[in-house]
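Engineer: This is the structure I have questions about; it appears just below.
The values are calculated or read from the model by the stated rules, or taken from the named source; none is laboratory data. Here the structure is a predicted model, which is why all the values come from computation and not from measurement. Glycine gets a Cβ as well: all are built from the backbone with ideal geometry, and neighbour counts include every protein chain shown. When the accessible area is computed, the model is the full protein with side chains, heavy atoms only, and any ligands, DNA or RNA have been set aside. Shrake-Rupley method; radii C 1.70, N 1.55, O 1.52, S 1.80 Å.
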Amino acid sequence: MKIVTCMKLVPDPTARLLINESKSWIQETDLSFVLNEADSYALEEALALKEKHGGEVIALSVGQESTLRILRQGLATGADRAIFLSDKRFRGSDEFVTAQIIARAVDKDGGADLVLTGVQSDDLGTGTTGVMVAELLGWPHASVVISVDAAPEERRVRVRRELEGGITEEVELESPCVLTLQYGINQPRYPSLKGIMAAKKKELRKWDLEDLELGDDAVGVSGSMVEVAAVFVPERTGDVEIISGSPAEAAARLVEKLRKEAKAL
Amino acid sequence: MILALTEHENQNFKPLTRELLGMARRLGQELEEPVAAVVLGSGVDGLVPELGALGIDRVFTVDDPALSAYSPDAYLAALGAVTDALTRGPDAGPKGIPNSRRPYLVMAGHAGIGPDLLPRMAAQLRRPLVAACVDIEKQGERLFMTRQIFNAKMHMRVSLRGEAPYFATIAPGAFPVSEVAEEDRVRPETVPIELGEVHIRQRVIGREETATGALDFGSASTIVSGGRGLKAPENVALVVELAQALGGAVGASRPVVDAGWLPREHQIGSSGQTVSPKLYFAIGISGAIQHLVGMQTAQCIVAINKDADAPIFKVAQYGIVGDLFEIVPEITKIINDLNA
Ligand SMILES: Cc1cc2nc3c(=O)[nH]c(=O)nc-3n(C[C@H](O)[C@H](O)[C@H](O)COP(=O)(O)OP(=O)(O)OC[C@H]3O[C@@H](n4cnc5c(N)ncnc54)[C@H](O)[C@@H]3O)c2cc1C
Ligand SMILES: Nc1ncnc2c1ncn2[C@@H]1O[C@H](COP(=O)(O)O)[C@@H](O)[C@H]1O
């Protein structure tokens, strides 16, 4: 099986985020970036499928130079090769354009049996990229997948997907297809020392705008149909009462309020 | 025209669909666009009267056995049949389609089939999609939408380029359901639309209820939940001790369960349990929509978080901004003293 697994570099979700001067995004200087959590489960799933069925795992990412780090991490963890889609002109792409870049790259690489993405990214976080990739490739997809069973010789994939309220659904899809993988569905392995050494010799291919034969005006801010007007911290709309004081004081005040005011204790 | 894609189960509309329909009506008035609900499924006629009670006067239905279970292929074809009928309908007349009938905005909830289907359709038509919207407004000729980013910690206001139709999914809980006045309740005009032939590449084989229901939160009047802010499995004890002191149950956000710090049945949220206790503690939980939908109907919510901007404070009645490792043991101590 040939499996392409998408990896996105995102700000560390535990970091404190500040808005940049032009209020168009967050301040990225001094911020630490990590592999998008959901993508680590996708990578693990890809590696497990390869162990079972043979084939190859290709780590793919759209990003700037700093993104190379997660692709190397993917190679060290067990991916066979990596595709790095990078061009200054990609900056500011919306999800549709990113999906277009990914779909083009998959095509240019000769297609695949499976493309895996995370269920959502920790920055934009809407889980739309993978679904759009499927449409652009003309493949079926399944989202919020929690387990994958492949029958490569029959060009079929059986997945279990999570619906709301603890209900799951088993779906059979024709392959090639795109799957978006849910959090926490496996135990992602760590790169071994041997893996890190081996990664240095693995192929890491870089493609830019010209390689993908996408027009100048089809990518980045100019290619995006969604234009950012402003990024801001939402106002606290409710009427929360913030209780101040030292930990002991705040705790005492809270308990007092819960007993006397809210009558919740 | 604004099209609102409804979602239903067992002949009932989902709560998020009610939120969607309410906001679609308000938006339609603001933008002076007619609003229609879209109902896809098999045997859906019984659902139409309720739409009238919700103030929706126009309904497009696609009723076909191929739609009895959700599949992206069949549902995309069905939604496409609706938009096609609007742009190419037989009643379009010689002068073409009146502007008011052109699909201007296609909306769905950002849960369930919405985020699975609308991105596909938007990509197919090469039209903009904004997901997890909390606000939609028009300024001049341009449509502006505000969406949640960074798990609701921040908002991003965007404008849409190019021609309609535009696509949006709305964040659960962002648009509260309002009462529909008696005079606004109507008997909707229903337009049935044919599905036609579809090649479906995804087949649902079965459905299963997972073990999430094993823990009975229903009877707990107090639930103390911990999130990723607990940082390590041994710190779950902080939450458990407070729950014990209060005689309540222990809940968790998804990452805590994913990491195996607590069993799956403790998970609260869209893919876990929905609870409505008298008192809910959210400790080290940021307040992502998928968590909020599972607990925001609690009578009294207490949030303890070191980030003053955490979205959980928007639904909380009381909040303490600070380090949970310092605050929670103090609360437990006071409660234990009171109990003694
Ligand atoms: C399809 C789908 C279904 C999902 N279903 C669910 C679901 O059912 N339930 C659910 O919960 N999530 C669900 N999620 C995940 C959800 O999107 C969020 O990722 C999750 O709720 C975040 O959990 P959290 O708040 O514990 O973690 P985070 O968002 O990482 O928040 C941790 C919080 O702890 C605070 N903190 C850190 N250290 C301290 C300290 N020392 N003192 C005080 N505060 C501290 C931080 O400020 C932060 O606000 C789902 C996601 C998807 C895509
Ligand atoms: N720039 C990118 N490079 C690689 N994969 C991406 C990129 N953006 C999104 N993805 C994939 O799409 C998934 C969903 O992202 P999103 O639509 O932003 O929520 C992520 O988990 C990634 O797997």
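Yes/no per residue for (1) within 16 Å of ligand 2 (Cβ to nearest atom); (2) touching a residue at least 40 places away in the same chain (Cβ under 8 Å):
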{"residue": "B:Gly247", "(1), (2)": "no, no"}
{"residue": "B:Ala252", "(1), (2)": "no, no"}
{"residue": "B:Pro255", "(1), (2)": "yes, no"}
{"residue": "B:Glu265", "(1), (2)": "no, yes"}
{"residue": "B:Gly269", "(1), (2)": "no, no"}
{"residue": "B:Gln273", "(1), (2)": "no, yes"}
{"residue": "B:Pro277", "(1), (2)": "no, yes"}
{"residue": "B:Tyr280", "(1), (2)": "no, yes"}
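Engineer: Within the set of pairs 6 or more residues apart or between chains, which connect a residue that is modelled with pLDDT of 95 or more and of a type in the set (A, V, I, L, M, F, W, C) inside segment B:49-67 to a residue that is part of a strand (DSSP E or B) and open to solvent by 30 Å² or more (accessible area, probe 1.4 Å) with Cβ atoms less than 6 Å apart?
Structural biologist: What qualifies is B:Val59/B:Thr190; B:Phe60/B:Val191.
Engineer: Quick check on this structure: which one of B:Val224, B:Val302, B:Val240, B:Val275 is closer than 21 Å to A:Leu258 by Cβ, surrounded by fewer than 24 Cβ atoms within 10 Å (Cβ to Cβ) and touching a Phe, Trp or Tyr at 6+ places or on another chain (Cβ under 6 Å)? So that I can check it myself, show each step before the final result.
Structural biologist: Working: B:Val224 fails: surrounded by fewer than 24 Cβ atoms within 10 Å (Cβ to Cβ); B:Val302 fails: surrounded by fewer than 24 Cβ atoms within 10 Å (Cβ to Cβ); B:Val240 fails: touching a Phe, Trp or Tyr at 6+ places or on another chain (Cβ under 6 Å).
Checking each option against the conditions leaves just B:Val275.
Engineer: Within segment A:76-97, track down each residue that is open to solvent by 10 Å² or more (accessible area, probe 1.4 Å) and among the polar types (S, T, N, Q).
Structural biologist: Across segment A:76-97, the qualifying residues are A:Thr77, A:Ser93.
Engineer: Taking the options A:Thr117, A:Thr67, name whichever one is in contact with a strand residue (DSSP E or B) (Cβ under 6 Å, 6 or more places away or on another chain) and within 16 Å of ligand 1 (Cβ to nearest atom). Steps first, please.
Structural biologist: On the way: A:Thr67 fails: within 16 Å of ligand 1 (Cβ to nearest atom).
Only one candidate qualifies: A:Thr117.
Engineer: Out of the residues in segment B:22-42 that are in a helix (DSSP H, G or I) and not charged (D, E, K, R), state the one that is surrounded by the fewest Cβ atoms within 10 Å (Cβ to Cβ). Full working, then the answer.
Structural biologist: The initial filter retains those residues of segment B:22-42 that are in a helix (DSSP H, G or I), namely B:22-31.
Still in the list and also not charged (D, E, K, R): B:22-24, B:27-29, B:31.
Values: B:Gly22: 20, B:Met23: 23, B:Ala24: 26, B:Leu27: 20, B:Gly28: 19, B:Gln29: 10, B:Leu31: 16.
For segment B:22-42, the residue satisfying everything is B:Gln29.
Engineer: Would you tally the residues in segment B:172-193 being over 21 Å from B:Gly109 (Cβ atoms) and polar (S, T, N, Q)?
Structural biologist: 1
Engineer: For residues in segment A:59-75 being open to solvent by 10 Å² or more (accessible area, probe 1.4 Å) and more than 9 Å from ligand 2 (Cβ to nearest atom), which is farthest from the other protein chains (Cβ to nearest Cβ)?
Structural biologist: Step one: filter segment A:59-75 for residues open to solvent by 10 Å² or more (accessible area, probe 1.4 Å), giving A:62-66, A:68-69, A:72-73.
Those still in the list that are more than 9 Å from ligand 2 (Cβ to nearest atom) too: A:64-66, A:68-69, A:72-73.
Details: A:Gln64: 19, A:Glu65: 23, A:Ser66: 18, A:Leu68: 24, A:Arg69: 21, A:Arg72: 25, A:Gln73: 20 Å.
Going through the qualifying residues, I end up with A:Arg72.
Engineer: Among the residues in segment B:290-301, are any closer than 14 Å to A:Ile243 by Cβ, modelled with pLDDT of 95 or more and facing chain A (nearest Cβ under 7 Å)?
Structural biologist: The initial filter retains those residues of segment B:290-301 that are closer than 14 Å to A:Ile243 by Cβ, namely B:300-301.
If we keep only those that are modelled with pLDDT of 95 or more as well, we get B:300-301.
From the residues that got through so far, the ones that are facing chain A (nearest Cβ under 7 Å) too are B:300.
Checked against the condition, which is being closer than 14 Å to A:Ile243 by Cβ, modelled with pLDDT of 95 or more and facing chain A (nearest Cβ under 7 Å), segment B:290-301 yields at least one hit.
Engineer: Ok, one more. Of everything in segment A:217-265 that's within 30 Å of B:Cys133 (Cβ to Cβ) and of a type in the set (Asp, Glu), which residue is modelled with the lowest pLDDT?
Structural biologist: Of all residues in segment A:217-265, those within 30 Å of B:Cys133 (Cβ to Cβ) come to A:217-242.
Now drop any that are not of a type in the set (Asp, Glu), which leaves A:217, A:227, A:235, A:239, A:241.
Details: A:Asp217: 93, A:Glu227: 94, A:Glu235: 83, A:Asp239: 87, A:Glu241: 96.
Here the answer is A:Glu235.
Engineer: Only one of (1) outside any helix (DSSP H, G or I); (2) modelled with pLDDT of 95 or more; (3) within 27 Å of B:Arg120 (Cβ to Cβ) fails for A:Gly92. Which number is that?
Structural biologist: Every listed condition holds for A:Gly92 apart from (2).
Engineer: If you check B:Asp63, B:Asp73, B:Asp84, which single one turns out to be charged (D, E, K, R), touching a Ser or Thr at 6+ places or on another chain (Cβ under 8 Å) and under 30 Å from B:Arg201 (Cβ atoms)? So that I can check it myself, show each step before the final result.
Structural biologist: On the way: B:Asp73 fails: touching a Ser or Thr at 6+ places or on another chain (Cβ under 8 Å); B:Asp84 fails: touching a Ser or Thr at 6+ places or on another chain (Cβ under 8 Å).
Sole residue among the options that is charged (D, E, K, R), touching a Ser or Thr at 6+ places or on another chain (Cβ under 8 Å) and under 30 Å from B:Arg201 (Cβ atoms): B:Asp63.
Engineer: Kindly indicate which of B:Gln317, B:Gln290, B:Gln299 is in contact with a Ser or Thr (Cβ under 7 Å, 6 or more places away or on another chain) and among the polar types (S, T, N, Q).
Structural biologist: The conditions single out B:Gln290.
Engineer: Still on this structure, I have one more. For the condition free of Cβ contacts under 8 Å to residues at least 60 places away in the same chain, under 22 Å from B:Pro15 (Cβ atoms), open to solvent by 10 Å² or more (accessible area, probe 1.4 Å) and more than 9 Å from ligand 1 (Cβ to nearest atom), what is the one hit in B:Lys314, B:Lys333? Talk me through it step by step, then tell me what you get.
Structural biologist: On the way: B:Lys333 fails: under 22 Å from B:Pro15 (Cβ atoms).
Going through B:Lys314, B:Lys333 in turn, just one is free of Cβ contacts under 8 Å to residues at least 60 places away in the same chain, under 22 Å from B:Pro15 (Cβ atoms), open to solvent by 10 Å² or more (accessible area, probe 1.4 Å) and more than 9 Å from ligand 1 (Cβ to nearest atom): B:Lys314.
Engineer: When segment B:115-145 is examined, which residues are found to be assigned to a strand (DSSP E or B), free of Cβ contacts under 8 Å to residues at least 60 places away in the same chain and open to solvent by less than 10 Å² (accessible area, probe 1.4 Å)? It would help to see each step written out before you state the result.
Structural biologist: In the first step, residues of segment B:115-145 are kept if they are assigned to a strand (DSSP E or B); the result is B:129-139, B:142-145.
Of the ones still in play, those that are also free of Cβ contacts under 8 Å to residues at least 60 places away in the same chain are B:129-131, B:133-135, B:139, B:142-145.
Matches in segment B:115-145: B:Val130, B:Ala131, B:Cys133, B:Leu143, B:Met145.
Engineer: Looking only at residues in segment B:43-64 that are under 13 Å from B:Leu195 (Cβ atoms) and under 23 Å from the mean Cα position of the chain (by Cα), which one is surrounded by the most Cβ atoms within 10 Å (Cβ to Cβ)? Walk me through it before giving the result.
Structural biologist: Start the filter on segment B:43-64 by keeping residues that are under 13 Å from B:Leu195 (Cβ atoms), which leaves B:44, B:60-64.
Add one more test, that the residue is under 23 Å from the mean Cα position of the chain (by Cα), and what stays is B:44, B:60-62.
On the way: B:Val44: 19, B:Phe60: 24, B:Thr61: 22, B:Val62: 27.
Restricting to residues being under 13 Å from B:Leu195 (Cβ atoms) and under 23 Å from the mean Cα position of the chain (by Cα), the top hit is B:Val62.
Rundown of residues vs (1) within 12 Å of ligand 2 (Cβ to nearest atom); (2) hydroxyl-bearing (Ser, Thr, Tyr); (3) more than 14 Å from chain B (Cβ to nearest Cβ), yes/no style:
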position: A:Met1; (1), (2), (3): no, no, yes
position: A:Thr5; (1), (2), (3): yes, yes, yes
position: A:Thr14; (1), (2), (3): no, yes, no
position: A:Trp25; (1), (2), (3): no, no, no
position: A:Thr29; (1), (2), (3): no, yes, yes
position: A:Glu37; (1), (2), (3): yes, no, no
position: A:Ala46; (1), (2), (3): yes, no, yes
position: A:Gly55; (1), (2), (3): no, no, yes
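Engineer: Need a quick list: helices (runs of 4 or more DSSP H) entirely within segment A:123-232 having at least 2 residues that are open to solvent by less than 10 Å² (accessible area, probe 1.4 Å) and small (Gly, Ala, Ser).
Structural biologist: Details: elements: A:129-137, A:193-199, A:209-212, A:220-223.
Of the helices (runs of 4 or more DSSP H) lying wholly inside segment A:123-232, those with at least 2 residues that are open to solvent by less than 10 Å² (accessible area, probe 1.4 Å) and small (Gly, Ala, Ser) span A:129-137.
Engineer: Are any residues in segment A:130-164 within 13 Å of ligand 1 (Cβ to nearest atom) and out of contact with any His (no Cβ under 8 Å at 6 or more places or on another chain), and if so, which ones?
Structural biologist: Of everything in segment A:130-164, those that are within 13 Å of ligand 1 (Cβ to nearest atom) and out of contact with any His (no Cβ under 8 Å at 6 or more places or on another chain) turn out to be A:Ala142, A:Ser143, A:Val144, A:Val145, A:Ile146, A:Arg161, A:Glu162, A:Leu163, A:Glu164.
Engineer: Does A:Arg205 satisfy the condition of being at pLDDT below 95 and either within 24 Å of the chain's Cα centre (by Cα) or closer than 30 Å to A:Lys23 by Cβ (or both)? Give the derivation first.
Structural biologist: Values: at pLDDT below 95: no; either within 24 Å of the chain's Cα centre (by Cα) or closer than 30 Å to A:Lys23 by Cβ (or both): yes.
Criteria not met by A:Arg205.
Engineer: Follow-up. Keeping to segment A:236-253, report how many residues are facing chain B (nearest Cβ under 7 Å) and open to solvent by 60 Å² or more (accessible area, probe 1.4 Å).
Structural biologist: Step one: filter segment A:236-253 for residues facing chain B (nearest Cβ under 7 Å), giving A:236-238, A:240-243, A:247-248, A:250-252.
The next check asks that each one be open to solvent by 60 Å² or more (accessible area, probe 1.4 Å); those that pass are A:236-237, A:241-242.
Selection size over segment A:236-253: 4.
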